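The values are calculated or read from the model by the stated rules, or taken from the named source; none is laboratory data. No experiment lies behind these values; they were computed from the predicted model shown. Every residue, glycine as well, gets a Cβ built from its backbone with ideal geometry; the counts of neighbours run over all protein chains shown.
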Amino acid sequence: MKMRKSLLTAVIGTALTFGINASSYAATTLKLSHNHTRDHAVHKAMDAMAKEVRKTTDGEVRIRIYPDAQLGSQRESMELLQNGALQMVKTNAAELEAFAPAYSAFNMPYLFRDQAHFYATQEGEIGEDILESSRKSGFIGLTYYDAGARSFYTTKPINTPADLKGMKVRVQPSPSAIAMVKALGGSPTPLAYGELYTALQQGVVDAAENNIPSYGMSRHSEVSKYFTLDEHTMVPDVLVISTNAFDGLSEDHQKAVKTAALNSMQLMKTLWAESEKEERAKAEKIGVKFVEVDKASFVTAVQPMYDDVKKNNAKLATLIERIQAVK
Ligand code: GCU
């Protein structure tokens with residue numbers, strides 16, 4: 001995705017003055033980039049957060065949201081954040097893996113028993129540890145947002161991993177996602193989200209995987225009519241802020257931002273559930289078939305990923321064990 005030059009210049013221009021306009025009168029503006037539309041549940045949740053911050057800081061801290069990857073893909077936005085040109089990014093655990101390895105835990109297939117296990121992990125000590133783990137890389141996580149479960153979609157049902165054989169499957173630029181599709185027998189093709197509709201339409205890739213709202217709202221449902229409910233991963237969206245921007249706020253303002261972020265995470269749970277229902281109904285209306293599957297063969301096929309982590313990555317293995325032990 002090409003960044004809009006003028007907008008980018010504007011962002012960088014303001015970034016240069018960020019920090020020196022922090023007199024007690026001037027408002028601090030935090031620019032937030034993400035790759036979904038304004039109708040998406042996560043945009044609505046973050047919009048509520050921005051309104052709350054403005055209110056609780058008497059307008060002294062403002063969050064300006066740039067949706068639709070206007071400022072670039074998730075990866076490009078993270079790079080802008082690390083350069084100081086942006087202060088906040090909503091990305092997800094899959095792409096954060098390249099910036100902070102602890103997020104890999106969230107990308108392990110069939111790790112979470114159910115939604116309650118997933119919520120308890122992200123809202124507990126482990127979730128907070130992972131959000132804090134990236135401080136050295138110049139950013140910290142503020143909160144997670146529910147992004148449901150991810151499943152495969154293409155032009156036929158995927159009843160067992162054997163059906164993925166020989167298929168080019170789009171994955172996020174994430175080593176775990178690549179390893180997972182390989183373990184399931186497909187050929188992983190990393191692509192940015194914004195490039196996927198055309199790639200599916202033109203047959204550059206045969207299949208993809210995502211949650212139901214992203215599948216519907218990005219209109220992938222127009223070109224891939226079978227959505228198989230294999231639910232291989234529960235990859236949360238994550239809101240991050242640069243440490244420079246966060247540490248530059250007063251303690252009260254830091255609290256206001258963190259509180260509003262956590263409140264928006266709770267709001268997101270309701271928005272997400274509604275969105276999943278709504279987008280599924282819309283997809284069914286245009287002829288999409290949702291396919292129920294026995295997950296056992298998928299679970300078995302990804303076991304080598306766990307063996308590999310045990311053998312080669314003691315830190316991640318411990319984190320996975322901690323997650324498995326969460327009640
Ligand atoms: C989800 C997620 C995005 C991510 C996208 C993808 O929609 O919310 O953050 O970019 O998946 O598959 O790339």
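Restricted to segment 231-249, and to residues there that are among the aliphatic types (A, V, I, L, M) and touching a Ser or Thr at 6+ places or on another chain (Cβ under 9 Å), the residue that is farthest from the ligand (Cβ to nearest atom) is Leu249. Restricted to segment 137-171, and to residues there that are polar (S, T, N, Q) and closer than 20 Å to Phe99 by Cα, the residue that is nearest to the ligand (Cβ to nearest atom) is Thr143.
Of the residues Phe112, Phe106, only one is more than 16 Å from the ligand (Cβ to nearest atom), under 18 Å from the mean Cα position of the chain (by Cα), crowded, with 17+ Cβ neighbours inside 10 Å and within 30 Å of Ala207 (Cα to Cα); which? Lay out the reasoning, then the answer.
Numbers: Phe106 fails: more than 16 Å from the ligand (Cβ to nearest atom).
Exactly one residue qualifies, and that residue is Phe112.
Of the residues making up segment 300-321, none is modelled with pLDDT of 95 or more, within 26 Å of Lys225 (Cβ to Cβ), more than 22 Å from the chain's Cα centre (by Cα) and not hydrophobic (A, V, I, L, M, F, W, C).
Inclusion of Ala273 among residues that are outside any loop (DSSP other than H, G, I, E, B), within 30 Å of Lys182 (Cβ to Cβ) and not aromatic (Phe, Trp, Tyr) is not warranted. Within segment 52-71, the set of residues being basic (Lys, Arg) and either within 22 Å of the chain's Cα centre (by Cα) or surrounded by 21 or more Cβ atoms within 10 Å (Cβ to Cβ) (or both) comprises just one member, Arg64.
Inspect segment 90-103 for any residue being more than 16 Å from the ligand (Cβ to nearest atom), modelled with pLDDT of 95 or more and surrounded by fewer than 19 Cβ atoms within 10 Å (Cβ to Cβ) and give the result as yes or no. Yes, there is a match, as at least one residue in segment 90-103 is more than 16 Å from the ligand (Cβ to nearest atom), modelled with pLDDT of 95 or more and surrounded by fewer than 19 Cβ atoms within 10 Å (Cβ to Cβ).
To keep it simple, each residue is scored yes or no on (1) free of Cβ contacts under 8 Å to residues at least 12 places away in the same chain; (2) more than 28 Å from Ala283 (Cα to Cα).
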residue: Asn92; (1), (2): no, no
residue: Glu97; (1), (2): no, yes
residue: Phe106; (1), (2): no, no
residue: Asp114; (1), (2): yes, no
residue: Glu128; (1), (2): yes, yes
residue: Leu131; (1), (2): no, yes
residue: Tyr144; (1), (2): no, no
residue: Gly148; (1), (2): no, no
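Of all residues in segment 39-89, those satisfying the criterion of being under 26 Å from Glu279 (Cβ atoms), aliphatic (A, V, I, L, M) and within 13 Å of the ligand (Cβ to nearest atom) are Ala41, Val42, Ala45, Met46, Ala69, Val89.
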